[in-house]
Amino acid sequence: MTRRADRIAETLQAAFAPARVEVVDDSHRHAGHAGAAPGGETHYSVRVVSPAFAGMNRVARSRAVHEALAGEFGTGLHALALTLRTPDEA
């Protein structure tokens, strides 16, 4: 099975055709917290730079990413720390 970080990156690539995608598994930093699982793969920092975010405010960008990753949230993804920028903002 593909690691969740790889699936997240692939999903975001398909949804937003970004210039850059970075996905970091931060699960180890959340051990013992709500939503943490012994095997990890629950908490991620994600940075996406995409022209698709142009004209969208911060909340709309976040909602779009959460919608794209709905399947991952349904299978154990608990939290994302998002940095979402257009190429001009990056």
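The values are calculated or read from the model by the stated rules, or taken from the named source; none is laboratory data. The model shown is predicted, which means the values in this text are computed figures rather than measured ones. Ideal geometry is used to build each Cβ from the backbone, glycine not excepted, and the neighbour counts take in all protein chains shown.
Going residue by residue through region 42-51, is there one that turns out to be in a strand (DSSP E or B), in contact with a helix residue (DSSP H, G or I) (Cβ under 7 Å, 6 or more places away or on another chain) and modelled with pLDDT under 95? Checking region 42-51: at least one residue is in a strand (DSSP E or B), in contact with a helix residue (DSSP H, G or I) (Cβ under 7 Å, 6 or more places away or on another chain) and modelled with pLDDT under 95. Kindly check whether there is at least one residue in region 58-76 that is part of a loop (DSSP other than H, G, I, E, B), in contact with a Gly (Cβ under 9 Å, 6 or more places away or on another chain), at pLDDT below 95 and surrounded by 17 or more Cβ atoms within 10 Å (Cβ to Cβ). The answer is no; no qualifying residue exists. For region 19-41, the candidate set comprises residues that are surrounded by fewer than 17 Cβ atoms within 10 Å (Cβ to Cβ), under 19 Å from Phe73 (Cβ atoms) and of a type in the set (A, V, I, L, M); within that set, the residue that is modelled with the highest pLDDT is Val24.
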